[in-house]
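Data first, discussion second: the structure below is written as structure tokens.
The values are calculated or read from the model by the stated rules, or taken from the named source; none is laboratory data. This is a predicted model, so every value here is computed, not measured. Heads up, the Cβs are rebuilt from the backbone with ideal geometry, glycines too, and the neighbour counts pull from every protein chain shown.
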Amino acid sequence: MKEQKKAKRSQKKGAKEILRLGEKALAYRKDLLSSDQVGKLEFSINELRNALKQKLVLIDELEEKAERLDQELKESGGLYYHKKGWVENIEMLMVAAIVVIGIRSFFLQPFIIPTNSMYPSFYGMQPNLYKDSEDVPNFVERGVDKILLGASHYRLKLESTGSLYLVLQNGGSFRPAQATFPDGRFFIIPNRVKEYVFEVAGKEHILQVPAEFDFDTLIAQKFAGIENLRDLPLIVSQDQGFTGNRLKLSDTIYKTGDIAIAFDILLGDALFVDRMTYNFVKPKAGDPAVFRTASIDKFNRELGTPVRSFIGEDKYYIKRLVGEPGDRLQMIVPDSIFTNGTDVRKGTPGVLHRNNHPITGKTAFDENRKRTEMLATDPNAENPLKYPGYRAEGLLTNREILNVPQKEDPGNPTGLNAYFAMGDNSTDSLDGRAWGFVPENEIIGRAFVVYYPFTKRWGFSN
């Protein structure tokens, strides 16, 4: 007499999976099957279910009933069987996509900071310039930097010998362009870039960089040790084989094969935006908030805000909220700023006041105030934390009082509360000073945690 063996756990698990698929196929296809097919499926399902309920599940009996249901499913299961089919895989991907979309819509939304308007609290694209004495990274080193820092490598390798010039494009330093394969986003999607044209001995050399990247300053620093590209000598004469205005970058005579400039662009901070909290509490001054710009222009037109410029596009911005509904804001420039030789080409430094007191409560507030006070006493003082001090411009010119609208105000036709937002890097931030107030309904959340790149800024946001 043949010995009856007990079914193993893995065999029970396989039988349960066939049972699950049988129940699923029957539920979805019952109205499409004949009564005979329905009867066979129901019988096989019940037989396998009863076998699995036994205290002692024998392997021969379990295999027999599982194979019978498997055969019925092959004949009547349609697209719901076999479990390794493409339908199961598509269903899995759809469920995963729904989960991801749900998390992004209601809990955490990823956001990458492209510009340096919030520097040094958050980094946008940052350059890493290689000096002439340094070796540019090899392929392996670039791969490591790409993984850890999100660094993309750029270099200008010359194909002729002579002096290096930057060709001006319609009066500007670059021309807008689109990067396509393989330099497009994800190697597929074309993305906007700035295209710079360099000239050596009549031969053009083209270098493309991301549209948000400040390449002008990097060129000026590399070749002249200055901040402003426009301070370089302008060449307006027309040489043989070349027409157009250009800037002379260096007196150095470069040779064919030389690398005139090599640098990395480090990815801006990638962070998660907390979309949940503002469903329960109001945004607060000091929050690094992410908001959409879709209705900001219309909102300020309805308020009659005397803006300096309009945004004109629907994008996501990150700025720090400095004013809540009903607040009174004022920028006060120390008198000595005007007499002590402070360089005001990037705006006049001031101390931001909220409700008649210097704004405080965040590192960015305190450090920007300290920097302005420092500039008022010593314009050449060092600035180790890199906060530049707030600038008195636009809606916050020196001592101009700005009241942040609230929905109860008689002169507010929008019925919405407003907030005022500024960048921590006031010298390089197009913010509320230029385009006005942010309506409450456009604020989607606050910066929660920086998850990439793996630098000292990794972790919870301030």
Query raised in the report: Which one of these is buried (at least 21 other Cβ atoms within 10 Å of the Cβ), under 20 Å from residue 424 (Cβ atoms) and not hydroxyl-bearing (Ser, Thr, Tyr): 352, 385?
Result: 352
**Report entry** Lone qualifier among 286, 341 - being surrounded by 14 or more Cβ atoms within 10 Å (Cβ to Cβ), assigned by TED's automatic domain parsing to the domain that holds residue 444 and part of a loop (DSSP other than H, G, I, E, B)
**Finding:** 286
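Quickly run through the stretch 388-417 and pick out the residues that are aliphatic (A, V, I, L, M) and either loosely packed, with under 13 Cβ neighbours inside 10 Å or touching a helix residue (DSSP H, G or I) at 6+ places or on another chain (Cβ under 7 Å) (or both).
Correct list: 395, 396, 401, 402, 416.
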Requested in this report: Determine, yes or no, whether residue 433 is closer than 23 Å to residue 116 by Cβ, at pLDDT 95 or above and outside any strand (DSSP E or B).
Outcome: yes
Report task. Would you check if there is a residue in the stretch 298-309 being in contact with a strand residue (DSSP E or B) (Cβ under 7 Å, 6 or more places away or on another chain), within 22 Å of residue 278 (Cα to Cα) and either at pLDDT 95 or above or loosely packed, with under 15 Cβ neighbours inside 10 Å (or both)? Result -> yes
Query raised in the report: Just checking, which of 360, 427, 372 is assigned to a loop (DSSP other than H, G, I, E, B) and either hydroxyl-bearing (Ser, Thr, Tyr) or in contact with a strand residue (DSSP E or B) (Cβ under 8 Å, 6 or more places away or on another chain) (or both)?
Result: 360
Query - Pair list, Cβ under 9 Å, 6 or more apart: the stretch 157-168 residue more than 13 Å from residue 253 (Cα to Cα), other residue among the acidic types (Asp, Glu) - result: 157/258; 166/199; 167/199; 167/204
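Got at least one residue in the stretch 399-421 being under 21 Å from residue 119 (Cβ atoms), outside any strand (DSSP E or B) and not polar (S, T, N, Q)?
no
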Query raised in the report: Just one of the numbered conditions (1) under 24 Å from the mean Cα position of the chain (by Cα); (2) at pLDDT below 90; (3) surrounded by 12 or more Cβ atoms within 10 Å (Cβ to Cβ) is not true of residue 209; which one?
Result: (2)
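When you check residue 165 against the structure, is it more than 25 Å from the chain's Cα centre (by Cα), modelled with pLDDT of 75 or more and surrounded by 15 or more Cβ atoms within 10 Å (Cβ to Cβ), yes or no? Break it down stepwise before answering.
On the way: more than 25 Å from the chain's Cα centre (by Cα): yes; modelled with pLDDT of 75 or more: yes; surrounded by 15 or more Cβ atoms within 10 Å (Cβ to Cβ): yes.
For residue 165, the condition - more than 25 Å from the chain's Cα centre (by Cα), modelled with pLDDT of 75 or more and surrounded by 15 or more Cβ atoms within 10 Å (Cβ to Cβ) - is met.
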Query raised in the report: Can you name the residue in the stretch 297-315 that is touching a residue at least 40 places away in the same chain (Cβ under 8 Å) and not in a loop (DSSP other than H, G, I, E, B) and is also nearest to residue 212 (Cα to Cα) among such residues?
Result: 297
Query raised in the report: Do the conditions hold for residue 366, that is, is it more than 25 Å from residue 304 (Cα to Cα) and charged (D, E, K, R)?
Result: yes
Report summary line: Per the filter on the stretch 6-59, residues under 17 Å from residue 74 (Cα atoms) and in a loop (DSSP other than H, G, I, E, B) are 30, 32, 33, 34
Query raised in the report: Is it the case that residue 315 is closer than 30 Å to residue 149 by Cβ and surrounded by fewer than 19 Cβ atoms within 10 Å (Cβ to Cβ)?
Result: yes
Query - Qualifying position, being modelled with pLDDT of 95 or more, of a type in the set (A, V, I, L, M, F, W, C) and touching a Phe, Trp or Tyr at 6+ places or on another chain (Cβ under 8 Å), among 351, 450 - result: 351
